[in-house]
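Following: one structure in structure tokens, then a few remarks.
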Amino acid sequence: MKTLILYGSPKADGHTKHLLDAMLSKLHGEVKIVDCYHADIAPCIDCGYCHKRRGCSIKDDMIPLYDYIDVCDAVIIATPMHFGTVSAPMYTMFTRLQSYWSNSFIRKNKAEKPKRKYGALLVTSGNRWMNMELLIEGVTRFAFEHMETECIGTVYAKKTDTLPAAENKPALMRARQLSLLLNEFCEKI
Ligand SMILES: Cc1cc2nc3c(=O)[nH]c(=O)nc-3n(C[C@H](O)[C@H](O)[C@H](O)COP(=O)(O)O)c2cc1C
């Protein structure tokens, strides 16, 4: 089982990493972590390259990432909530998934679609308020769909300003349980 982890925190050892570690403690197989803050991934420039062919005109870290998205069995998006949604470098990375949209709706090339897979969403947020999930769940669902990924569960560690994710026992437990579920789903593919 191959899992791609899109990691959106600017911190190597912050709340999001602690929540992700709980998930990783039970996850089977190989993992590839893409640290969006440190990866060399530029935003889409709408050049039209992907209207005609696979991939992207911008030759940065996204190129090998397309290859991994095409073959992996699972995708985990792990991010702090920034301004109601994913962090900015993660959003930048998402814009490059437009290449898959062009493949499906402009080039209509079924052979170049990524493998169907399962996914999970992990989010930490400093606070908690009504409907705070709307933006982040909308934008991540869009990203998952571009990667042909069905998200099977979401774990929030909210109110990290007062309750560090590492001490949020229910959230850590849910992250471990979601990992077991992801193993089960992916190993059945
Ligand atoms: C630029 C920025 C924007 C943020 N926006 C929100 C927000 O919209 N809602 C919220 O509850 N917390 C917000 N926070 C707080 C973070 O989501 C929270 O501290 C998170 O747990 C940090 O995770 P990390 O330690 O992995 O980076 C924001 C923090 C930053 C730095």
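What follows draws every value from the coordinates through simple rules; no lab data is involved. As the structure is a prediction and not an experimental result, all values here were calculated from the model. We place every Cβ from the backbone using ideal geometry, glycine too, and count neighbours over all the protein chains shown.
Here is the link list: K159/K188; K11/K108; K59/K113; K2/K110; K113/K158; K59/K188. Which ones come out longer than 32 Å on Cα distance? Kindly include the intermediate steps, with their values, before the conclusion.
Values: K159/K188 36 Å; K11/K108 39 Å; K59/K113 20 Å; K2/K110 22 Å; K113/K158 35 Å; K59/K188 35 Å.
Violating the 32 Å limit, Cα to Cα: K159/K188; K11/K108; K113/K158; K59/K188.
Tell me what the chain gives for mean residue ellipticity at 222 nm when only DSSP H runs of n ≥ 4 count, each as -39,500 (n - 2.57), the sum divided by the residue total, rounded to 500 deg cm²/dmol.
-11000 deg cm²/dmol
Whose amide H sits under 5 Å from the amide H of S87, counting only residues 5 or more places off or on another chain, with H placed in the peptide plane?
H82
Where a ≥ b ≥ c are the square roots of the eigenvalues of the C-alpha gyration tensor, would you call the range 144-185 rounded, which needs a/c under 1.5, or, failing that, prolate if a/b is larger than b/c, or oblate? Display every interim value, and only then the final one.
Values: a/c = 4.54, a/b = 1.77, b/c = 2.56.
The shape class here is oblate.
Near the amide H of L27, under 5 Å away, which other amide H atoms are found, from residues 5 or more places off or on another chain, if H is placed in the peptide plane?
Excluding prolines and chain starts, which carry no amide H, there are no hits.
Applying a 10 Å radius around every beta-carbon, put 21-29, 49-57 in order of their mean neighbour count, most first.
Highest to lowest by the protection proxy: 21-29, 49-57.
How big is the charge dipole of the range 2-187 about its Cα centre, in debye rounded to the nearest 20, if each Lys and Arg gets +1 on its Cβ and each Asp and Glu gets -1 on its Cβ? Don't skip to the answer; put the middle values down first.
Values: 24 positive and 21 negative charges, 77 e Å.
In total the dipole reaches around 360 debye.
Just check the range 1-104 against the gyration tensor rule for me: Cα atoms, a ≥ b ≥ c as the square roots of the eigenvalues, rounded for a/c under 1.5, and otherwise prolate or oblate depending on whether a/b exceeds b/c.
On the way: a/c = 2.43, a/b = 1.48, b/c = 1.64.
Oblate, since a/c reaches 1.5 and b/c is not below a/b.
For T124, what residues show an amide H to amide H distance below 5 Å, using hydrogens built from the backbone and excluding near sequence neighbours?
T79, M81, A157
Treating only the Cβ atoms of Lys and Arg (+1) and Asp and Glu (-1) as charged, compute the dipole magnitude of the range 54-112 about its Cα centre; round to the nearest 20 debye.
Working: 6 positive and 6 negative charges, 64 e Å.
Charge dipole of the range 54-112: 300 debye, to the nearest 20.
When the gyration tensor of the chain is built from Cα positions, what are the square roots of 5 times its three eigenvalues, in whole Å, from largest to smallest?
On the way: eigenvalues 154, 70, 39 Å².
Taking √(5λ) for each eigenvalue gives 28, 19, 14 Å, largest first.
Are there any chymotrypsin sites (Phe, Trp or Tyr not before Pro) in the range 119-179 that are in a DSSP loop and have at most 16 other Cβ atoms within 10 Å? List them by number.
Details: sites: W129, F142, F144, Y156; in loops: W129.
Passing sites in the range 119-179 are W129.
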